[in-house]
1. Mind checking B:36-44 for the average number of partner chain beta-carbons within 10 Å of each residue's beta-carbon?
2. How many lysine pairs in the protein assembly as shown, separated by 8 or more positions in sequence or lying on different chains, have Cα atoms less than 28 Å apart?
3. Considering every residue in B:45-53, what mean count of other chain Cβ atoms within 10 Å of its Cβ is obtained?
4. Test of understanding: what is the full-extension gain from A:GLU48 to A:ASP16, defined as 0.36 nm times their sequence separation minus their Cα-Cα distance?
5. What size of dipole, in debye to the nearest 20, comes out for the protein assembly as shown about its Cα centre when the only charges are +1 on Lys and Arg C-beta atoms and -1 on Asp and Glu C-beta atoms?
6. For chain B, the longest stretch holding no trypsin sites (Lys or Arg not before Pro) located in a DSSP loop with at most 14 other Cβ atoms within 10 Å is which?
7. Assign unit charges at the C-beta atoms only (+1 for Lys and Arg, -1 for Asp and Glu), then state the dipole size of region B:1-54 relative to its Cα centre in Debye, rounded to the nearest 20.
8. Averaged across the residues of A:104-116, what count of C-beta atoms belonging to other chains lies within 10 Å of each residue's C-beta?
Protein chains: 2
Amino acid sequence: MMVTMHVCVTCLAGKDRETVPRAGRRLYDALAEAQRRQDTPPGFRIVEAECLSNCNRGCSVALSGPGRWSYVYGDLNLAAVDDLLAGASRYATTEDGLVPWRERPTIFRKGVIARIPPSPKPV
Amino acid sequence: MMVTMHVCVTCLAGKDRETVPRAGRRLYDALAEAQRRQDTPPGFRIVEAECLSNCNRGCSVALSGPGRWSYVYGDLNLAAVDDLLAGASRYATTEDGLVPWRERPTIFRKGVIARIPPSPKPV
């Protein structure tokens, strides 16, 4: 099982370009710090990304993994850190990335931007 | 090279649920028909998908493939068919899914909803 949470570290979340650190960087740092403090599934990684093209509704993260549905979530801030890790852990326990609706954190239900099916098997 | 264009066939594009066929289904059918008439790259497939969770800006398609950046595009309709196939063909010729900005069709520049990096290589 390999699951990645990409965090857009370039996100300004509406602030001006001189803001340092950027909102996306702060979210990434907080997620990485929280991951060090708690158990997350083996094979789950948090990785920096440059722009997930969801600038109007940042901050943004994406969950993906081989053979799984991928999800992009937006409208995120530092208050979302614990729910993001809990939601990612639940995602990691599935075979295909599909978590039953009632088991998704509210930030996932309300903040989903898009999802992409896994690539079909080669024929 | 294996590249998939998932087309959300459940998209209503703002119409009511009784509309048959749905706007997403009509877009899929038009893309499949256009693909039969023209050359598209080997390994490029158009596949039906159920809801890409971009309902506010449908119709929607997603481009993805192993080891590539994935993209979700919205605000699409039947007039976009030729540009979608041209853009997908250009995407398929890249190694990593990143097409230079100036070579992207306008519908890709204006209609991008989100993108997701390829999964990192296992360590």
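The values are calculated or read from the model by the stated rules, or taken from the named source; none is laboratory data. All values reported here derive from a predicted model rather than from experimental measurement. Note: ideal-geometry Cβ built from the backbone for every residue, glycine included; neighbour counts use all protein chains shown. Ligands, DNA and RNA are excluded from the accessible area calculation, which covers all protein heavy atoms including side chains. Shrake-Rupley method; radii C 1.70, N 1.55, O 1.52, S 1.80 Å.
1. Details: counts 0, 0, 0, 0, 0, 0, 0, 1, 0.
For peptide B:36-44, the averaged partner shielding equals 0.
2. Working: A:LYS15/A:LYS110; A:LYS15/B:LYS110; A:LYS110/B:LYS15; A:LYS110/B:LYS110; A:LYS121/B:LYS121; B:LYS15/B:LYS110.
For the protein assembly as shown, qualifying lysine pairs total 6.
3. Working: counts 4, 0, 3, 1, 4, 1, 3, 6, 8.
Mean shielding count: 3.
4. Details: separation 32, 0.36 × 32 = 11.52 nm, distance 2.05 nm.
Here the answer is 9.5 nm.
5. On the way: 34 positive and 26 negative charges, 37 e Å.
Roughly 180 debye for the protein assembly as shown.
6. Working: sites that count: B:LYS15, B:ARG17.
With a cap of 14 other Cβ atoms within 10 Å, the longest stretch comes to B:18-123.
7. On the way: 8 positive and 7 negative charges, 14 e Å.
For region B:1-54, the charge dipole is close to 60 debye.
8. Details: counts 0, 0, 0, 0, 0, 0, 0, 0, 3, 8, 18, 12, 16.
For peptide A:104-116, the averaged partner shielding equals 4.
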